[in-house]
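The values are calculated or read from the model by the stated rules, or taken from the named source; none is laboratory data. Model, not experiment: these values are computed from the prediction. A quick note on method: Cβ atoms are made from the backbone with ideal geometry, for glycine too, and the neighbour counts reach across all protein chains shown. Note: accessible area is taken over every heavy atom of the protein model, side chains too, but ligands, DNA and RNA are not part of it. Shrake-Rupley method; radii C 1.70, N 1.55, O 1.52, S 1.80 Å.
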Amino acid sequence: MSDNGKTGGATRRGFLTGAMAAGAGIAAAGAARAEGDPAITELQPWNQYLGDGVDARPYGYPSEFEKHVKRRNVEWLTADTVSSVNFTPLHELDGIITPNGLCFERHHAGIAEVDPAKHRIMINGLVDTPLVFTMEDLMRFPRENRVYFLECAANSGMEWRGAQLNGCQFTHGMIHNVMYTGVPLRYLLEEAGVKTNGKWVMPEGADASAMTRSIPLEKAMDDCLVAFKMNGEALRPEQGYPVRLVVPGWEGNMWVKWLRRIEVGDQPWHHREETSKYTDLMEDGKARRFTWEMDAKSVITNPSPQAPILHSRGRTVLTGVAWSGRGTIPRVDVTIDGGKNWHQARMDGPSFDKSMHRFYYEFDWDGSPLLLQSRAHDSTGYVQPTKDELRAIRGENSIYHNNGIQTWYVNEQGIAENVEIS
Ligand SMILES: Nc1nc2c(c(=O)[nH]1)N[C@H]1C(S)=C(S)[C@@H](COP(=O)(O)O)O[C@H]1N2
Ligand SMILES: [Mo]
């Protein structure tokens with residue numbers, strides 16, 4: 001193999017130099033010694049057989065050693081699996097893209113298995129010409145590629161009254177970040193011709209829940225996509241195959257899957273999902289309505305309860321994700337001592353509007369207990385609040401839009417736990 005020399009020499013030396021430059025030091029790195037390690041001295045089984053040929057895996061899947069990397073349910077939330085939710089394993093991922101098979105799912109009537117040849121998208125209501133598109137018609141409009149996060153408004157909802165679920169998969173896993181390919185909704189609306197009194201649109205799903213939400217026309221004409229590809233390939237059935245609405249930065253419930261109809265109207269419809277659900281009950285018993293935008297939020301994914309620190313001390317990589325429904329994330333602060341000292345995290349990877357951002361903070365762990373927190377700043381200048389700051393305004397009866405700062409306590413053994421500090 002041509003890259004042998006590189007792996008043995010230059011890269012490793014470069015790695016150590018880099019570590020010293022970062023102030024972590026060689027001794028702290030705890031790199032394994034070659035002598036006597038059977039992983040080095042013994043011939044491994046995979047070195048002694050011919051592996052699968054190129055016909056064995058026509059559609060690729062992860063290594064069998066990655067079986068633990070999967071979507072998970074919270075048992076008491078999932079009495080009924082067809083109207084339910086599972087969670088993205090954020091602690092197992094890196095970078096900013098959520099692989100298709102790991103995107104959390106939320107459906108109200110199970111996964112519809114839609115035949116694209118029989119699927120139609122209708123535009124009706126206050127339009128000059130009601131239109132019906134086949135999937136092939138849709139493909140003839142100019143398309144765009146955009147990376148966006150989708151967060152269910154109920155993400156972290158179980159944490160309103162205190163620390164509850166043990167793992168960022170469960171506290172923050174109702175989110176995924178995907179590159180969509182789709183046609184701007186604007187093109188379809190322009191094709192039909194929106195009448196001057198048309199001010200709202202109502203997308204409707206083809207599943208048994210016939211999901212509907214009211215969206216103001218300005219948003220529909222701005223950045224919404226009628227998407228048919230995710231991360232380059234067809235949408236997964238779980239995510240609305242063959243077509244879903246993408247509503248960048250706005251709560252996941254509005255991203256109607258299995259999209260079959262868009263009605264144009266002169267006022268909002270006030271359907272179930274925007275009245276009894278997805279409104280925020282305040283302390284005084286009144287409810288906020290139409291809280292569409294997702295506020296800036298972040299979470300440390302490693303270390304976290306499902307991803308303990310496995311070494312006893314020394315160089316440690318802390319990482320996490322941050323996002324905002326209003327723009328980009330230019331800055332994330334991190335503390336390892338419960339807020340006594342804050343450090344600016346290192347942002348890495350692409351920074352897109354209304355997309356997840358990846359941050360890192362490399363530090364030397366002295367083996368003492370840690371209180372980890374991250375705090376996102378978005379491009380509007382908004383700073384992620386503490387949970388107490390949020391409760392002071394919103395009370396404790398809410399479910400939705402909990403973007404408070406998350407705390408993980410890490411003990412001397414490196415085990416992490418969901419806690420709150422006040
Ligand atoms: N047709 C339809 N669209 C839907 C839903 C649904 O049940 N049916 N669930 C909504 C909710 S509440 C959320 S949070 C997102 C979840 O998208 P995902 O399954 O891709 O994670 O889809 C939304 N769109
Ligand atoms: Mo949702």
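Side notes on the structure shown:
- The single condition among (1) away from ligand 1 (no atom under 16 Å from the Cβ); (2) assigned by TED's automatic domain parsing to the domain that holds Thr181 that Lys340 does not meet is (2).
- Once the stretch 208-243 is narrowed to residues that are open to solvent by 10 Å² or more (accessible area, probe 1.4 Å) and among the charged types (D, E, K, R), the residue that is nearest to Trp292 (Cα to Cα) is Lys219.
- Yes/no for Ser156 being at pLDDT 95 or above and either within 13 Å of ligand 1 (Cβ to nearest atom) or under 29 Å from Asp353 (Cβ atoms) (or both): yes
- Summed over the stretch 286-340, residues that are part of a loop (DSSP other than H, G, I, E, B), of a type in the set (Gly, Ala, Ser) and over 24 Å from the mean Cα position of the chain (by Cα) total 3.
- Where Lys297 falls short, out of the listed (1) basic (Lys, Arg); (2) within 23 Å of Leu188 (Cα to Cα); (3) open to solvent by less than 60 Å² (accessible area, probe 1.4 Å): (2)
- Flag for Trp258 being crowded, with 23+ Cβ neighbours inside 10 Å, on the phi > 0 side of the Ramachandran plot and in contact (Cβ under 8 Å) with a residue 60 or more places away in the chain: yes
- Conditions (1) within 30 Å of Ser351 (Cα to Cα); (2) touching a Ser or Thr at 6+ places or on another chain (Cβ under 9 Å); (3) not β-branched (Val, Ile, Thr); (4) not in a loop (DSSP other than H, G, I, E, B): number failed by Ala153: (4)
- Single condition Ala112 does not satisfy, out of (1) in contact with a His (Cβ under 7 Å, 6 or more places away or on another chain); (2) within 15 Å of ligand 1 (Cβ to nearest atom); (3) of a type in the set (A, V, I, L, M): (1)
- Single residue of Glu274, Glu238 found to be within 16 Å of ligand 2 (Cβ to nearest atom) and closer than 30 Å to Ile393 by Cβ: Glu274
- When the stretch 112-125 is limited to residues that are open to solvent by less than 40 Å² (accessible area, probe 1.4 Å) and assigned to a loop (DSSP other than H, G, I, E, B), the one that is farthest from ligand 2 (Cβ to nearest atom) turns out to be His119.
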